[in-house]
Amino acid sequence: MILIYLSSGLFLGWSLGANDASNIFGTAVGTKMVRFKTAAIIASIFVIIGAVLSGTGASHTLGTLGSVNALGGAFMVALAAGMSVFWMTKMQIPVSTSQAIVGAIIGWNFFANMLTNYNSLIKIVFSWVISPVLAAIFSMLLYIFVKKLLQYLSISIFRLDIFTRAGLIIVGAFGAYSLGANNIANVMGVFIPSSPFHTINLGFIRIGNTEILFFLGGIAIAVGIFTYSHKVMKTVGNQLVKLTPQSALIVVLAESLVLFLFASQTVHQWLVAHNLPAFPLVPISSSQLVVGGVIGIGLIQGGQHIKYRIVGKIITGWVTTPVLACLLTFISLFFLQNIFEMEVYHPVDYQFNPAVTKKLESKGIKIPQSADRLHFRNSRQVKQFVDTCNQISSDSIHTLLEYSRQDSIYIDPHKFPHFKDEVADWFKPGEIKALLKLKNNRYTYKWRLREEYLKSLNISSQNTESSHLGSKLDYIYQYFSLKEY
Amino acid sequence: MLLKKTKQLENKVNNFLDIINDAGPFLVTGLDSYFNDDEEKFDNYLEKLIKLENKADGIRRNIETQLYEKTLIPEARADVLSLLEALDDIIDRISGVIREFNMEIPDIHPKYHKNYLLLSEYAQNAVDQIIRASRYFFNDPVEARHCLPKVYHWEEEADDISGELIRNVFRDPDIGKLSIKLHHRMFVDRIDRVADISEDIADKLSIFTIKRSI
């Protein structure tokens, strides 16, 4: 049953592998610089490594856009995204699974009466626009550098061939890793909140439920690469044949760097720590990065080779793909829920009480006394309340939602030994001990558990992010939650 | 391992270019010995030229096989093979000229010897420059383009002198027979063809170098 639900995500993964691997190895295979078999093996291995090791960053941003909390819903979101990609590809628009999945999540939000986090949406849309521009800038800079370097070194045509082949393989591996890290969120991200898997502890390594999902998604991408990408690679390779293998290498490197920047949590944290503007961890489109990279080289060569129609098609894709996916999701969810009687979302309640009000006051949000004990059946009702209430700024809606959201968490002492086994080599002994102090406690709000846990750890709440406790807390919420997803 | 094989391939290309380069002077020295009736020297040059021609053919075929078997430089392979075949035509033409002198024994009046030698020298200069450009093509395409105007220069010089030679021969009252005049024209054209082949290769190279820049 689980596999049936996941099948739409796996299909999306398959189509990602079939289409997007060509953005990395297309020119290399199309121009016969690298054999397809070599390219497919390298791409598959590194896509899976990237997905499992670094896939969480971009999926977190997608999660903030909308948390699809029922397997039925997640199935339909992924399926609608996959269908949209298929449809748009038929119309020969360089489409992105990222754009499709975002549209589909928004469609689910509408259907489930969940509020879309517009801050996240703006961040994501901004990334779509900026990423091809960044790829163009990178390819221009790399082009200038490589040209100067080749002029200086005067490498023979035969040596250059060997170096280019090696470069295409190394950069291809890096590109595949970055693609896996950045795009796995599109394939499996929607299944995270309703993941049916449990953490596996192999003693020497702990594989979390998200990693299992990402591993399966990675395998689906790899199957897509092996079964169908050869055809696409040949086409892409021939389309880009005007580029020399060296220029193609530059384009792939520029694309891989941009994918990496938008996926790497390490780079993100480093930039934040040094007060530099950090790239949002957002799934972006590798197809559009390639077009950006080629345009960059076209610009530096005088701009006469640029096909402005393709630029127009990309911009069309930014709008049409999400809208199509959104509509398709909404309509399909309606049928799935009302005709097939499947649960496509779990309602999430919100309630104000004196503790929540006090907490929100400490965050600078003053809740009127009349709102005490008010109960909301979904986030849209909370939004409507905020809109009618002059005292509360609409900017604070997401903070308000975070602190008034009702959950049901019970630190069950019977579950504790198993929990301890699972997290033994992830949690520090002190962190397990601190949780043990909270046994038998029930929590209606996640933030209450977080506060008490941090208190028992003697950590101030501001340090949650920097101390990497965020993902551990998420795991605790999920493990001890009484809600069955 | 790969770099070792690459080095071997580079050496083969260099050897091939050296052979074509070595064949160039035989045009002047071969004609010189023919005009001086030094049969022994002439036969010796012809023999050496045929050996060089065979050697060049062997190396070219070897390079071609290696490029195809190892699927090397797929993007530039057709250009490189076309260049090597065109360069091979030069040595074929030079050895053809000497062989034709040997077979047809053209009757060339001593007053034209100087111009024949000058024409051969210009053709040889064109060959020298195209070999230089070809060497650069494999390592530094930008520099290769700088050599091409010199090829065109020597080809024009060769055209001028061959035109002058044919004009003079056909107006020469000392040469009465039309057959001798036509024989002259045939040999002038054959020698000039060496410079023309160099010019054709230069045209190809100017395109290949653009394709080779990234």
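Is there any pair with a first residue in segment A:347-370 that is of a type in the set (Ser, Thr, Tyr) and a second that is at pLDDT below 85 whose Cβ atoms are under 8 Å apart and which are 6 or more apart or on different chains, and what are they?
Cβ pairs passing all conditions: A:THR357/A:ILE367; A:THR357/A:ALA371; A:THR357/A:ASP372.
Please list, ordered by first then second residue, the pairs with beta carbon atoms under 9 Å, 6 or more apart or interchain, first in segment A:280-295 and assigned by TED's automatic domain parsing to the domain that holds A:THR64, second of a type in the set (Asp, Glu).
Between residues of segment A:280-295 that are assigned by TED's automatic domain parsing to the domain that holds A:THR64 and residues that are of a type in the set (Asp, Glu), the close pairs are A:SER285/A:ASP20; A:SER286/A:ASP20; A:SER286/A:GLU255; A:SER287/A:ASP20; A:LEU289/A:GLU255; A:VAL290/A:GLU255; A:GLY292/A:GLU255; A:GLY293/A:GLU255.
Any chance segment B:108-115 includes a residue that's more than 14 Å from chain A (Cβ to nearest Cβ), surrounded by fewer than 18 Cβ atoms within 10 Å (Cβ to Cβ) and within 15 Å of the chain's Cα centre (by Cα)?
no
Would you mind finding the one in A:VAL129, A:VAL146 that is surrounded by fewer than 21 Cβ atoms within 10 Å (Cβ to Cβ), away from every other protein chain (no Cβ under 14 Å), at pLDDT 85 or above and more than 21 Å from A:PRO196 (Cα to Cα)?
On the way: A:VAL146 fails: away from every other protein chain (no Cβ under 14 Å).
Going through A:VAL129, A:VAL146 in turn, just one is surrounded by fewer than 21 Cβ atoms within 10 Å (Cβ to Cβ), away from every other protein chain (no Cβ under 14 Å), at pLDDT 85 or above and more than 21 Å from A:PRO196 (Cα to Cα): A:VAL129.
Would you call A:VAL68 at pLDDT 85 or above and crowded, with 22+ Cβ neighbours inside 10 Å?
Values: at pLDDT 85 or above: yes; crowded, with 22+ Cβ neighbours inside 10 Å: yes.
Yes: the conditions hold for A:VAL68.
Quick check: is even one residue across segment B:112-128 closer than 30 Å to B:LYS7 by Cβ and touching a residue at least 24 places away in the same chain (Cβ under 8 Å)? Quick ask: steps written out before the conclusion?
So in segment B:112-128, the residues closer than 30 Å to B:LYS7 by Cβ come out as B:127-128.
Keeping just the survivors that are touching a residue at least 24 places away in the same chain (Cβ under 8 Å) gives B:127-128.
Yes, there is a match, as at least one residue in segment B:112-128 is closer than 30 Å to B:LYS7 by Cβ and touching a residue at least 24 places away in the same chain (Cβ under 8 Å).
What's the number of the only condition in (1) outside any helix (DSSP H, G or I); (2) modelled with pLDDT under 90 that A:ILE314 fails to meet?
(1)
Taking segment B:134-183 as the search range and keeping residues that are small (Gly, Ala, Ser) and within 14 Å of chain A (Cβ to nearest Cβ), which one is nearest to the chain's Cα centre (by Cα)?
So the first thing to find is which residues in segment B:134-183 are small (Gly, Ala, Ser), and the list is B:134, B:144, B:158, B:162-163, B:176, B:179.
Checking which are within 14 Å of chain A (Cβ to nearest Cβ) leaves us with B:134, B:144.
Numbers: B:SER134: 13, B:ALA144: 18 Å.
In this case the residue turns out to be B:SER134.
With the structure loaded, tell me whether A:ILE4 is of a type outside the set (Asp, Glu) and buried (at least 24 other Cβ atoms within 10 Å of the Cβ) or whether it fails that test.
Considered against the rule, which asks whether it is of a type outside the set (Asp, Glu) and buried (at least 24 other Cβ atoms within 10 Å of the Cβ), A:ILE4 comes out as no.
Can you name the residue in segment A:149-161 that is surrounded by fewer than 16 Cβ atoms within 10 Å (Cβ to Cβ) and at pLDDT below 90 and is also nearest to B:ILE210 (Cα to Cα) among such residues?
Taking the candidates together, the pick is A:GLN151.
Could you count how many residues in segment A:149-161 are in a helix (DSSP H, G or I) and at the interface with another protein chain (Cβ under 7 Å from one of its Cβ atoms)?
Step one: filter segment A:149-161 for residues in a helix (DSSP H, G or I), giving A:149-153, A:157-161.
Pick out the ones that are also at the interface with another protein chain (Cβ under 7 Å from one of its Cβ atoms) and you get A:150-151, A:157-159, A:161.
Selection size over segment A:149-161: 6.
Filter segment B:44-86 down to the residues that are in a loop (DSSP other than H, G, I, E, B) and surrounded by fewer than 20 Cβ atoms within 10 Å (Cβ to Cβ), then identify the one that is farthest from the other protein chains (Cβ to nearest Cβ).
So in segment B:44-86, the residues in a loop (DSSP other than H, G, I, E, B) come out as B:70-76.
Subsequent filtering for residues that are surrounded by fewer than 20 Cβ atoms within 10 Å (Cβ to Cβ) retains B:70-71, B:74.
Numbers: B:LYS70: 10, B:THR71: 6, B:PRO74: 4 Å.
Of everything passing the filter in segment B:44-86, B:LYS70 is farthest from the other protein chains (Cβ to nearest Cβ).
Give the residues of segment A:45-92 that are touching a His at 6+ places or on another chain (Cβ under 7 Å) and in a loop (DSSP other than H, G, I, E, B), sorted by residue number. Before you say what the answer is, go through the steps one by one.
We begin by selecting, within segment A:45-92, every residue touching a His at 6+ places or on another chain (Cβ under 7 Å); these are A:57, A:69-70.
Within segment A:45-92, A:ASN69, A:ALA70 meet the criteria.
Give segment A:348-373 a look and list any residue that's over 23 Å from A:LEU482 (Cβ atoms) and in a loop (DSSP other than H, G, I, E, B), or say none. Explain how you work it out, then say what you get.
If we filter segment A:348-373 for residues that are over 23 Å from A:LEU482 (Cβ atoms), which is where we start, we get A:354, A:357-358, A:360-372.
Across segment A:348-373, the qualifying residues are A:LYS363, A:GLY364, A:ILE365, A:LYS366, A:ILE367, A:PRO368, A:ASP372.
Among the candidates A:THR164, A:THR89, which residue alone is within 14 Å of another protein chain (Cβ to nearest Cβ), over 30 Å from A:ASP395 (Cα atoms) and either surrounded by fewer than 18 Cβ atoms within 10 Å (Cβ to Cβ) or not hydrophobic (A, V, I, L, M, F, W, C) (or both)? Can you show your working first?
Working: A:THR89 fails: within 14 Å of another protein chain (Cβ to nearest Cβ).
Among A:THR164, A:THR89, only A:THR164 is within 14 Å of another protein chain (Cβ to nearest Cβ), over 30 Å from A:ASP395 (Cα atoms) and either surrounded by fewer than 18 Cβ atoms within 10 Å (Cβ to Cβ) or not hydrophobic (A, V, I, L, M, F, W, C) (or both).
Can you find even one residue in segment B:31-43 that is under 30 Å from B:PHE208 (Cα atoms), polar (S, T, N, Q) and surrounded by fewer than 14 Cβ atoms within 10 Å (Cβ to Cβ)?
Initial filter on segment B:31-43 (under 30 Å from B:PHE208 (Cα atoms)): none.
No, that holds for no residue.
Does A:VAL267 count as assigned by TED's automatic domain parsing to the domain that holds A:VAL95, buried (at least 19 other Cβ atoms within 10 Å of the Cβ) and more than 29 Å from A:MET83 (Cβ to Cβ)?
Details: assigned by TED's automatic domain parsing to the domain that holds A:VAL95: yes; buried (at least 19 other Cβ atoms within 10 Å of the Cβ): no; more than 29 Å from A:MET83 (Cβ to Cβ): yes.
In short, no.
With segment A:381-458 as the region, which helices (runs of 4 or more DSSP H) entirely inside it contain at least 2 residues that are touching a residue at least 60 places away in the same chain (Cβ under 8 Å)?
Numbers: elements: A:397-404, A:416-423, A:429-436, A:446-457.
Here the list reads A:397-404, A:416-423, A:446-457.
Would you say A:PHE111 is away from every other protein chain (no Cβ under 14 Å), loosely packed, with under 14 Cβ neighbours inside 10 Å and farther than 15 Å from A:ALA254 by Cα?
On the way: away from every other protein chain (no Cβ under 14 Å): yes; loosely packed, with under 14 Cβ neighbours inside 10 Å: no; farther than 15 Å from A:ALA254 by Cα: yes.
Taking the combined requirement at face value, the residue does not satisfy it.
Condition check ((1) more than 14 Å from chain B (Cβ to nearest Cβ); (2) surrounded by fewer than 21 Cβ atoms within 10 Å (Cβ to Cβ); (3) among the hydrophobic types (A, V, I, L, M, F, W, C)) across all residues:
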residue	(1), (2), (3)
A:TRP14	yes, no, yes
A:SER22	yes, no, no
A:PHE25	yes, no, yes
A:ARG35	no, yes, no
A:ILE41	yes, yes, yes
A:SER44	yes, no, no
A:THR56	yes, no, no
A:ALA81	yes, no, yes
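Exactly one of these conditions fails for A:TRP87: (1) farther than 26 Å from A:GLU343 by Cβ; (2) out of contact with any Phe, Trp or Tyr (no Cβ under 9 Å at 6 or more places or on another chain); (3) modelled with pLDDT of 85 or more. Give me its number.
(3)
The values are calculated or read from the model by the stated rules, or taken from the named source; none is laboratory data. Given the structure is predicted, the values throughout are model-derived calculations rather than measurements. Methodologically, a virtual Cβ is constructed for each residue, glycine included, from the backbone with ideal geometry; neighbour enumeration extends over all protein chains shown.
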